[in-house]
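The values are calculated or read from the model by the stated rules, or taken from the named source; none is laboratory data. Keep in mind the model is a prediction, meaning the values are calculated, not measured. Here the Cβ is made from the backbone with ideal geometry for all residues, glycine too, and neighbour counts use every protein chain on show.
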Amino acid sequence: MASIPLPTPDRPLRLGTRASPLAMAQANMAAAALIAAYGIAPEAIEIVPMTATGDKIQDRALAEVGGKALWTRELDAALDGGRIDIAVHSLKDVETLRDPRFALGAMLERADPRDRLVVRDGIAAAAIADLPHGARLGTSSPRRAAQVRRLRPDLETTLLRGNVATRLGKLAAGEVDATLLAAAGLERLGMHAVGTVQPAEILLPAASQGAIGIECRADDAVTRGLLRGVDHEPTHRAVAAERAFLAALGGDCRSPVAAYARWLADGTLRLDAEIYSEDGADHAIGETLVPDPAAAEALARRLLVEAPESVRRLFAA
């Protein structure tokens, strides 16, 4: 570490992030990790917030208006143009196949990858099974919608977009009866008592959920070396397995898919995955140990062979 040129207040490391409260909280976590790892002054990191296109569009599903690139477009342009040195992302919102100009230099230690069920006042429910018959559950996630419909075909799923505060406001206003939010995001916002965690065995998480990634320019060897000092290898290997699975599927943000890799007590990495039809009625499920990314890719191919046509048609592989 000592041989790496470190940022200083006169030559700060410019950290790009979306301007939402959650993204800013994650950017500060990344800055804190770098400060702790290298003993640099807080003034040696400059946080550069920007509004992503995806934050501006609240009335349509992401798949209809450009997919996950809407979360990364502005940061990519700033990174490529040299206006920032690193970009901090919620990895769940980052495209599986990235431009080779960028390198994922580090992942911070993963937080709780599960979902929390949040209900409006007047409804007593700690699980999907507890919701009243015909309740309206708001979500913008094809995965969550398919999982909910599979568990409770009587529930109505409706589009709910916006940052955490916006979605909670719509819930409080009675626009929906319930929603599902990432436990990691709520924790990072200090909302420790909001909602009830749902077991991964019931609602398998999305690939990369709970993981923060830090990207830099692929040709920036100095910054890549700096990021290695804050990379959490167990998280990086687990999330890489999930993303390898997604890449082999060939799905997009319209494709309902869940993938969660976790470390077992014996030190092996296990990947659980599910792919669904849009209504959740059909699905294929599988698991594998992951000594290398090839095992995750093989699981994707196996599930596509086993899946009904209603599921297979949603994936391009």
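Taking the criterion of being out of contact with any Ser or Thr (no Cβ under 9 Å at 6 or more places or on another chain) and in contact (Cβ under 8 Å) with a residue 40 or more places away in the chain, the residues of the range 121-146 that qualify are ASP121, ILE123, ILE128, LEU131, PRO132, ALA135, SER140, SER141. Among the residues of this structure, ALA259 counts as one that is aliphatic (A, V, I, L, M), within 15 Å of the chain's Cα centre (by Cα) and under 21 Å from LEU314 (Cβ atoms). Scoring ILE123 on the criteria (1) buried (at least 20 other Cβ atoms within 10 Å of the Cβ); (2) more than 28 Å from LEU6 (Cα to Cα) leaves a single failure, condition (1). Residues of the range 16-49 that are over 12 Å from GLY229 (Cβ atoms), more than 24 Å from the chain's Cα centre (by Cα) and free of Cβ contacts under 8 Å to residues at least 12 places away in the same chain: PRO42 alone. Could you check, for the range 24-43, whether at least one of its residues is at pLDDT below 95, under 18 Å from ILE212 (Cβ atoms), out of contact with any Ser or Thr (no Cβ under 7 Å at 6 or more places or on another chain) and not hydrophobic (A, V, I, L, M, F, W, C)? No; the residues of the range 24-43 include none that is at pLDDT below 95, under 18 Å from ILE212 (Cβ atoms), out of contact with any Ser or Thr (no Cβ under 7 Å at 6 or more places or on another chain) and not hydrophobic (A, V, I, L, M, F, W, C). Any residue at all in the range 251-260 that is β-branched (Val, Ile, Thr), assigned to a loop (DSSP other than H, G, I, E, B), out of contact with any His (no Cβ under 8 Å at 6 or more places or on another chain) and outside the structural domain of ASP99 (by TED's automatic domain parsing)? Checked the range 251-260: no residue is β-branched (Val, Ile, Thr), assigned to a loop (DSSP other than H, G, I, E, B), out of contact with any His (no Cβ under 8 Å at 6 or more places or on another chain) and outside the structural domain of ASP99 (by TED's automatic domain parsing).
How many residues does the range 97-121 hold that are among the aliphatic types (A, V, I, L, M) and at pLDDT below 95? Explain how you work it out, then say what you get.
Narrowing the range 97-121 to residues among the aliphatic types (A, V, I, L, M): 97, 103-104, 106-108, 111, 117-119.
Next, only the ones that are at pLDDT below 95 stay: 97.
Qualifying residue count, the range 97-121: 1.
The helices (runs of 4 or more DSSP H) falling completely within the range 85-197 that include 3 or more residues that are more than 26 Å from ALA19 (Cβ to Cβ) map to 142-151. Of the set (1) hydrophobic (A, V, I, L, M, F, W, C); (2) in a loop (DSSP other than H, G, I, E, B); (3) surrounded by fewer than 24 Cβ atoms within 10 Å (Cβ to Cβ), all apply to ALA207 but (3).
Free of Cβ contacts under 8 Å to residues at least 24 places away in the same chain, under 20 Å from VAL239 (Cβ atoms) and in a loop (DSSP other than H, G, I, E, B), is that true of GLY267?
On the way: free of Cβ contacts under 8 Å to residues at least 24 places away in the same chain: yes; under 20 Å from VAL239 (Cβ atoms): yes; in a loop (DSSP other than H, G, I, E, B): yes.
Considered against the rule, which asks whether it is free of Cβ contacts under 8 Å to residues at least 24 places away in the same chain, under 20 Å from VAL239 (Cβ atoms) and in a loop (DSSP other than H, G, I, E, B), GLY267 comes out as yes.
Considering the range 221-261, and only residues there that are among the basic types (Lys, Arg) and surrounded by 15 or more Cβ atoms within 10 Å (Cβ to Cβ), the residue that is farthest from VAL94 (Cα to Cα) turns out to be ARG224. Answer with yes or no whether LEU180 is buried (at least 22 other Cβ atoms within 10 Å of the Cβ), under 19 Å from VAL148 (Cβ atoms) and either in the same structural domain as ALA146 (by TED's automatic domain parsing) or in contact with a helix residue (DSSP H, G or I) (Cβ under 6 Å, 6 or more places away or on another chain) (or both). When the stated conditions are applied, LEU180 passes them.
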